[in-house]
Amino acid sequence: MEEHRTVTKKQLVNRLAEKTGQTKVVVKEIVQSFLDEIIDELSRGNRLEFREFGVFEVRARAARRAQNPRTLEKVEVPEKRVVRFKVGRRMREQIEHGPVQAAPEERSEPTPQAPVTPPAAASPEPPPPPPPPSPSSPF
């Protein structure tokens with residue numbers, strides 16, 4: 001049987017940094033910002049849909065009566081909100097059939113890209129001078 005391993009955020013950041021040519025610091029900030037946005041949207045009760053990947057949504061789980069398996073005592077479990085994830089088509093297919101492998105001649109090395117820098121703020125040009133008054137104007 002195939003052994004599965006846990007992939008950490010740090011490992012994903014390293015992989016993405018290598019793929020994109022960006023620094024690990026920049027990639028980590030982007031990944032963390034993305035995750036923070038997902039959490040913020042879900043905490044507001046919003047639904048997030050990523051085509052082909054899946055859908056995150058918050059659902060209310062009803063209050064219920066449960067039983068402590070050790071003592072067999074009945075316990076009231078309050079209502080709570082939980083995150084539900086519904087797998088998208090591409091993810092479902094890839095998990096069922098395995099990762100898509102590109103042919104050796106189709107694989108390309110990651111193209112290093114120059115770091116993205118914001119454009120320098122242009123200094124505002126002074127407004128043009130007002131036109132000279134015409135001789136026929138009383139002002």
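The values are calculated or read from the model by the stated rules, or taken from the named source; none is laboratory data. All values reported here derive from a predicted model rather than from experimental measurement. Here the Cβ positions follow ideal geometry from the backbone for every residue, glycine too, while neighbour counts run over all protein chains shown. For accessibility, only protein heavy atoms count, side chains too; no ligands or nucleic acids. Shrake-Rupley method; radii C 1.70, N 1.55, O 1.52, S 1.80 Å.
Given the criteria open to solvent by less than 50 Å² (accessible area, probe 1.4 Å), of a type in the set (V, I, T) and more than 21 Å from L12 (Cα to Cα), does V58 qualify? Even if it seems obvious, please write down each step before you answer.
Working: open to solvent by less than 50 Å² (accessible area, probe 1.4 Å): yes; of a type in the set (V, I, T): yes; more than 21 Å from L12 (Cα to Cα): yes.
So V58 fits the description; yes.
Any idea how many residues of the range 2-23 are on the phi > 0 side of the Ramachandran plot and open to solvent by 70 Å² or more (accessible area, probe 1.4 Å)?
Taking the range 2-23 as the starting set, the residues that turn out to be on the phi > 0 side of the Ramachandran plot are 21.
Those left that are additionally open to solvent by 70 Å² or more (accessible area, probe 1.4 Å): none.
Counting residues in the range 2-23 that are on the phi > 0 side of the Ramachandran plot and open to solvent by 70 Å² or more (accessible area, probe 1.4 Å) gives 0.
Here is the figure for the range 24-46: residues that are surrounded by 12 or more Cβ atoms within 10 Å (Cβ to Cβ) and either basic (K, R) or not in a helix (DSSP H, G or I) (or both) total 3.
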